[in-house]
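Read the structure below first, then the notes.
Here, each number is a calculation from the coordinates, and none is a lab measurement. Here the structure is a predicted model, which is why all the values come from computation and not from measurement. For neighbour counting, all protein chains shown are included, and Cβ atoms are generated from backbone atoms with ideal geometry for every residue, glycine included.
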Amino acid sequence: MKIIFLDFDGVINNAFKWQTDNPDHFDRALVQNINSVILATGAKVVVSSDWRRGSTLLWLQDILDQHGFQGTILDKTDDVDDSVSKTLQDDRVNQIQRWLDQHDVVDRWIVIDDMVLPLADANFVKTNPALGFTDADAGKAIRLLND
């Protein structure tokens, strides 16, 4: 199984959208870029975004579906902040690693996030938060999941 660990802010929205009054403020064009990766790779999504906190899988699926999402939200990472971690970035990576440790059916995985995370390039697509998940980012994600 192929997995995308998906952040929302800075990925399926951008800095312009954060400044609007729209409460969910996702950009349909950026969601479509995620769709292109899902359609080309068959990947499922695990939400690693802070939007997962206090949210059900059903709500996360619904809010994305309202913006044209065509994939499946399989799960979300845990909400545990690691007391050993010194940064939000380390917490995020540790949460992803715990998820991977608990699910041995994963063949390939990537993280799509706007934060600089201590991950190997073979598993990471870093977005520019001012732009979100671009066509070029989608191309890289497809290559990482399919090669």
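Measuring nothing but how far apart in sequence close Cα pairs (under 8 Å, 6+ apart) lie, relative to its length, the range 2-146 scores a relative contact order of 36 percent. Charges were assigned to the Cβ only: +1 to each Lys and Arg, -1 to each Asp and Glu. The resulting dipole of the chain about its Cα centre is roughly 320 debye. Think of it as helices only: each DSSP H run of n ≥ 4 in the chain is worth -39500 (n - 2.57), and spread over all residues that comes to -11000 deg cm²/dmol at 222 nm.
In the neighborhood of N35, defined by Cβ-to-Cβ distances under 15 Å, what is the net charge if each Lys or Arg adds +1 and each Asp or Glu adds -1? Computed value for this residue: -1. Between V47, V31, V105, the residue with the greatest mean-square fluctuation in the GNM of the chain (Cα pairs under 10 Å linked by springs) is V105.
Remark: C-alpha extents of the chain on the principal axes read 36, 34, 28 Å, sorted largest to smallest.
When Lys and Arg each count +1 and Asp and Glu each count -1, what net charge do the other residues less than 9 Å away from L144, Cβ to Cβ, add up to? Surrounding charge for L144 is +1. Counted by Cβ distance under 9 Å from D7, the other residues give a net charge of -3, where Lys and Arg count +1 and Asp and Glu count -1.
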